[in-house]
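Remarks on the structure that follows.
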Amino acid sequence: MVLWVFGYGSLVWNPGFEFDESVIGFIKDHKRAFTVACIDHRGTPENPARTLNLERSEGSICWGVAYCIKGGSEKERDAMKYLEKRECEYDLKAHVDFYSEENPLKPAVTDVIVFISTPDKEVNKYYLGPAPVEEMARQIATASGPCGNSRDYLFSLQKALFAIGHEEEEVIELAKEVRRVMAAMQEMKVLGVQMALRAHLPAASCLSPIAETAAVMDSR
């Protein structure tokens, strides 16, 4: 018996379980969407991170990596036990057809398992739903948890899609907006330090801009 699992998020660059084969490819009529709350890995209940979901989208394709686990039922159980704990925000296990780069018309593997979060706020506490890019970027730029911060998840996804040769414009644009938010936050932080420093300088201070900048940097 053989088990196949499709990774479209962090499983693309960090599967974390033992597998025997990996294949780059895609599934049809689905797309990635940052609509799931992560409250225990890269976020908290008070400030959840945004992580990926797989949502139906007629005519779309979603590139990722399919992992094959061979070696008997015990090995499969170990992999699924690990995945179910890791993917706890995802309450559904769908079975899909997987297509390889070599043949986009005929499935390379059928009955591939993929973890999905129900897109319904009434029944799924982890589902955040869609939001404007600016709002998602602010949330991703500020959320962090025991396993790291939300922005590194996004940046790692961007690098992973580049590595497999299938970048996505939506991911690139979101990453750009997150970096813009981070830069603005850094500017505000520096401005706050400068204002605090000036409040403690003598009223007739004649520090040059260079000297004042040095004083600000020394105070950080």
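The values are calculated or read from the model by the stated rules, or taken from the named source; none is laboratory data. Computed from a predicted model, the values in this text were never measured in an experiment. When we count neighbours, we look across all protein chains shown, and the Cβ atoms used for this are built from the backbone with ideal geometry, even at glycine.
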Seminar exercise, completed: Of the conditions (1) in contact (Cβ under 8 Å) with a residue 60 or more places away in the chain; (2) surrounded by fewer than 16 Cβ atoms within 10 Å (Cβ to Cβ), the single one that Phe98 does not satisfy is (2)
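Within the bounds of the range 150-171, is there any residue that is β-branched (Val, Ile, Thr) and more than 14 Å from the chain's Cα centre (by Cα)?
Residues of the range 150-171 β-branched (Val, Ile, Thr): 164, 171.
If we keep only those that are more than 14 Å from the chain's Cα centre (by Cα) too, we end up with 164.
There is at least one residue in the range 150-171 that is β-branched (Val, Ile, Thr) and more than 14 Å from the chain's Cα centre (by Cα).
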Exercise. Is one or more of the residues making up the range 155-162 in a helix (DSSP H, G or I), surrounded by 13 or more Cβ atoms within 10 Å (Cβ to Cβ) and touching a Lys or Arg at 6+ places or on another chain (Cβ under 9 Å)?
Worked result: yes
For this session: Search the range 39-61 for residues that are assigned by TED's automatic domain parsing to the domain that holds Val112 and hydrophobic (A, V, I, L, M, F, W, C) and pair each with any residue that is at pLDDT 90 or above and loosely packed, with under 15 Cβ neighbours inside 10 Å when their beta-carbon atoms are under 6 Å apart and the residues are at least 6 apart or on different chains.
Result: Ile39/Pro45
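Results for (1) touching a helix residue (DSSP H, G or I) at 6+ places or on another chain (Cβ under 6 Å); (2) assigned by TED's automatic domain parsing to the domain that holds Glu84; (3) closer than 21 Å to Glu84 by Cβ; (4) of a type in the set (D, E, K, R), shown as yes or no for each residue.
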{"position": "Asp120", "(1), (2), (3), (4)": "no, yes, yes, yes"}
{"position": "Tyr126", "(1), (2), (3), (4)": "no, yes, yes, no"}
{"position": "Pro132", "(1), (2), (3), (4)": "no, yes, no, no"}
{"position": "Gln139", "(1), (2), (3), (4)": "no, yes, no, no"}
{"position": "Gly145", "(1), (2), (3), (4)": "no, yes, yes, no"}
{"position": "Lys159", "(1), (2), (3), (4)": "no, yes, no, yes"}
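I want to confirm something. Restricting to the range 95-140 and keeping residues that are among the polar types (S, T, N, Q) and not in a helix (DSSP H, G or I), which single residue is farthest from Asp29 (Cα to Cα)? Write out each step before concluding.
Taking the range 95-140 first, the residues among the polar types (S, T, N, Q) are 100, 103, 110, 117-118, 124, 139.
Those left that are additionally not in a helix (DSSP H, G or I): 100, 103, 110, 117-118, 124.
Values: Ser100: 15, Asn103: 17, Thr110: 15, Ser117: 16, Thr118: 16, Asn124: 22 Å.
Here the residue is Asn124.
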For this session: Would you please name the residue that is farthest from the chain's Cα centre (by Cα), looking only at residues in the range 30-50 that are modelled with pLDDT under 95 and of a type in the set (Val, Ile, Thr)?
Result: Thr44
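Return the only residue of Ile210, Ile172 being modelled with pLDDT of 90 or more, hydrophobic (A, V, I, L, M, F, W, C) and assigned to a helix (DSSP H, G or I).
Details: Ile210 fails: modelled with pLDDT of 90 or more.
Selected residue: Ile172, the only one of Ile210, Ile172 that is modelled with pLDDT of 90 or more, hydrophobic (A, V, I, L, M, F, W, C) and assigned to a helix (DSSP H, G or I).
Check Arg56, Arg42, Arg32 and return the single one that is buried (at least 21 other Cβ atoms within 10 Å of the Cβ), outside any loop (DSSP other than H, G, I, E, B), basic (Lys, Arg) and at negative phi. Spell out how you get there, then give the answer.
Details: Arg56 fails: buried (at least 21 other Cβ atoms within 10 Å of the Cβ); Arg42 fails: outside any loop (DSSP other than H, G, I, E, B).
Checking each option against the conditions leaves just Arg32.
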For this session: Restricting attention to the range 63-81, report how many residues are farther than 27 Å from Phe162 by Cα and part of a helix (DSSP H, G or I).
Result: 8
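Just to check your reading of the model, which residue among Ala184, Ala108, Ala137, Ala163 is of a type outside the set (D, E, K, R) and within 16 Å of Trp13 (Cα to Cα)?
Exactly one of Ala184, Ala108, Ala137, Ala163 is of a type outside the set (D, E, K, R) and within 16 Å of Trp13 (Cα to Cα), namely Ala163.
Which of the residues belonging to the range 9-29 are in a strand (DSSP E or B) and either at pLDDT below 95 or farther than 30 Å from Gly72 by Cβ (or both)? I'd like the intermediate steps shown before the answer.
Filtering the range 9-29 for residues in a strand (DSSP E or B) gives 21-29.
Correct list: Lys28, Asp29.
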For this session: Report whether or not Arg42 is among the charged types (D, E, K, R) and under 22 Å from Glu177 (Cα atoms).
Result: yes
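With the structure loaded, tell me whether Glu84 is surrounded by fewer than 20 Cβ atoms within 10 Å (Cβ to Cβ), part of a helix (DSSP H, G or I) and touching a Leu at 6+ places or on another chain (Cβ under 6 Å) or whether it fails that test. Talk me through it step by step, then tell me what you get.
On the way: surrounded by fewer than 20 Cβ atoms within 10 Å (Cβ to Cβ): yes; part of a helix (DSSP H, G or I): yes; touching a Leu at 6+ places or on another chain (Cβ under 6 Å): no.
No: the conditions fail for Glu84.
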